[in-house]
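For reference, the structure discussed in these notes is given below.
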Amino acid sequence: MYLKRLELTNFRNFLSQDIEPGLFFNIFTGKNAQGKTNILEAIYLCCTGKSFRTVKEKEIINWNADFSTIYCLLETSVREFELKVLLSPGQKKIMVNGTLARGYPLKWPGVVLFTPGDLVIVKGSPQERRHFFDSEIGPFKAQYGFELNQYQRVLIQRNNLLREIRDKRLKNESLQVWNEQLCRYGSKIITMRLELLKRFGPVVQKLFRELTGGMEKIDIRYLSSLKINQLSTEREIYNQFNDHLTSVKQQEIERAQSLIGPHRDDLAFIIDGNDARIYGSQGQQRTVILALKIAQIKMWHIETGEYPILLLDDVLFELDRVRQDALFDQAGGAVQVFITSTESSNININHSYVKKLYTVSKGKII
Ligand SMILES: Nc1ncnc2c1ncn2[C@@H]1O[C@H](COP(=O)(O)OP(=O)(O)OP(=O)(O)O)[C@@H](O)[C@H]1O
Ligand SMILES: [Mg+2]
């Protein structure tokens, strides 16, 4: 998929801007705080319906304006179409060819984003890894987002109920119906996660081997708060979950919290037998992220027949030559890439792919 044209109106510090990006590499350089990341945010927002920087969408509207629009003209292998986002305080409309869209306007994310903050996927808390999985891997299964919402809704209700029981306003028995719901959606989520890992894991493994010149091996493991193994069926997970709830019941009431389930699970990236979170070097941790991102590009291509657009915010030139080249080899000639950097001196893409260079200064692209 290619972005052929982008028009911004009152989008952050861009009052009125249009560009016609090139195929393959589009490089935006400029000093800090000029608007480079804002451009990536605009593309991401159009394709996914959400910003990657804020949930308060009114922050996006230029300070001196009362609305903002982003227009994207996109081309896939089969058609050309328009995406438009209209923002006003408290309102967001996303249109695909003039028709109102809900959820993902494209039915799939359409972009893969890599920012310096992504290192938390390896280094951060389990919550960061769950967030990564739910937002970047979950969309490979159509039902995942819906089932996850159901689970989270049940979780909130059940935690409220645990508080009521602890404070003696309700009897223990009232928990049963919520336990069933929790196990039902929870076992679905875990089953889907295991299935997704079965598809995603080998792609990451192969890439990781290539990125390390065949020297290192990675395994992604699902660490569950339930005693399940990676081959458990949905029914087995349901039963395990249900049994385990009985044993933690008292603790859950005392703490008024649901203590087990997919909302407590984690992933581990194991490099040659050691957890990369604890033992990985900076370079190894970056390589994990790079493999996770390129794997998404490959998987989306398999799923949809289209390559997503790749957005690299301030990360490319922090990778060493070997990893930069690996990225170009994987993406070059097929994926449209938007790259930002404060440095123009270290841009040294000596591949023969078409590239366009832009300078960003005070909300203007030159
Ligand atoms: N709603 C808004 N209205 C006007 N300006 C805004 C708005 N939101 C953010 N900005 C401005 O946009 C600029 C930041 O843009 P951006 O994050 O794209 O910078 P950048 O070029 O990526 O910088 P860096 O190299 O530091 O990452 C800041 O100057 C900020 O004040
Ligand atoms: Mg930036």
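Surrounded by 15 or more Cβ atoms within 10 Å (Cβ to Cβ), polar (S, T, N, Q), modelled with pLDDT under 95 and within 16 Å of ligand 1 (Cβ to nearest atom), is that true of Ser345? It is false that Ser345 is surrounded by 15 or more Cβ atoms within 10 Å (Cβ to Cβ), polar (S, T, N, Q), modelled with pLDDT under 95 and within 16 Å of ligand 1 (Cβ to nearest atom).
Okay, residues lined up against (1) touching a residue at least 40 places away in the same chain (Cβ under 8 Å); (2) over 25 Å from His263 (Cβ atoms):
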{"site": "Asn62", "(1), (2)": "yes, yes"}
{"site": "Val85", "(1), (2)": "yes, yes"}
{"site": "Gly90", "(1), (2)": "no, yes"}
{"site": "Met95", "(1), (2)": "no, yes"}
{"site": "Pro105", "(1), (2)": "yes, yes"}
{"site": "Ile121", "(1), (2)": "yes, no"}
{"site": "Pro139", "(1), (2)": "no, no"}
{"site": "Phe146", "(1), (2)": "no, no"}
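This table checks each residue for (1) within 22 Å of Phe338 (Cα to Cα); (2) at pLDDT 95 or above; (3) touching a Cys at 6+ places or on another chain (Cβ under 6 Å); (4) surrounded by fewer than 19 Cβ atoms within 10 Å (Cβ to Cβ).
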residue	(1), (2), (3), (4)
Asn62	no, yes, no, yes
Val85	yes, yes, yes, no
Pro109	yes, no, no, no
Val112	yes, yes, no, no
Phe132	yes, yes, no, no
Ala142	no, no, no, yes
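Evaluate the following for Ser68: is it under 27 Å from Asp314 (Cβ atoms), hydroxyl-bearing (Ser, Thr, Tyr) and in contact with a helix residue (DSSP H, G or I) (Cβ under 7 Å, 6 or more places away or on another chain)?
The answer is yes for Ser68.
Within the range 1-29, restricting attention to residues that are modelled with pLDDT of 95 or more and in a loop (DSSP other than H, G, I, E, B), the residue that is nearest to Val78 (Cα to Cα) is Met1. For the residues Ile94, Ile43, the requirement of being within 25 Å of Gln330 (Cα to Cα) and either within 13 Å of ligand 1 (Cβ to nearest atom) or modelled with pLDDT of 95 or more (or both) singles out Ile43. Taking every residue in the range 315-343 that is free of Cβ contacts under 8 Å to residues at least 60 places away in the same chain and pairing it with any residue that is within 16 Å of ligand 1 (Cβ to nearest atom) and among the polar types (S, T, N, Q), at least 6 positions away or on another chain, the pairs with Cβ-Cβ distances below 6 Å are Phe317/Ser341; Phe317/Asn346.
Could you check, for the range 19-36, whether at least one of its residues is within 12 Å of ligand 1 (Cβ to nearest atom) and without any contact (Cβ under 8 Å) to a residue 40 or more places away in the chain? Among the residues of the range 19-36, at least one is within 12 Å of ligand 1 (Cβ to nearest atom) and without any contact (Cβ under 8 Å) to a residue 40 or more places away in the chain, which makes the answer yes.
Taking Gln257 as the residue in question, decide whether it is assigned to a helix (DSSP H, G or I) and either surrounded by fewer than 19 Cβ atoms within 10 Å (Cβ to Cβ) or more than 17 Å from the chain's Cα centre (by Cα) (or both). Answer is no for this residue.
Here's the yes/no breakdown for (1) surrounded by fewer than 23 Cβ atoms within 10 Å (Cβ to Cβ); (2) away from ligand 2 (no atom under 16 Å from the Cβ):
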residue: Leu292; (1), (2): no, yes
residue: Ala295; (1), (2): no, yes
residue: Gly305; (1), (2): yes, yes
residue: Ala334; (1), (2): yes, yes
residue: Thr340; (1), (2): no, no
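The values are calculated or read from the model by the stated rules, or taken from the named source; none is laboratory data. Bear in mind the structure is a predicted one, so any value in this text is a computation, not a measurement. Here Cβ is always computed from backbone atoms with ideal geometry, including for glycine, and neighbour counts include all displayed protein chains.
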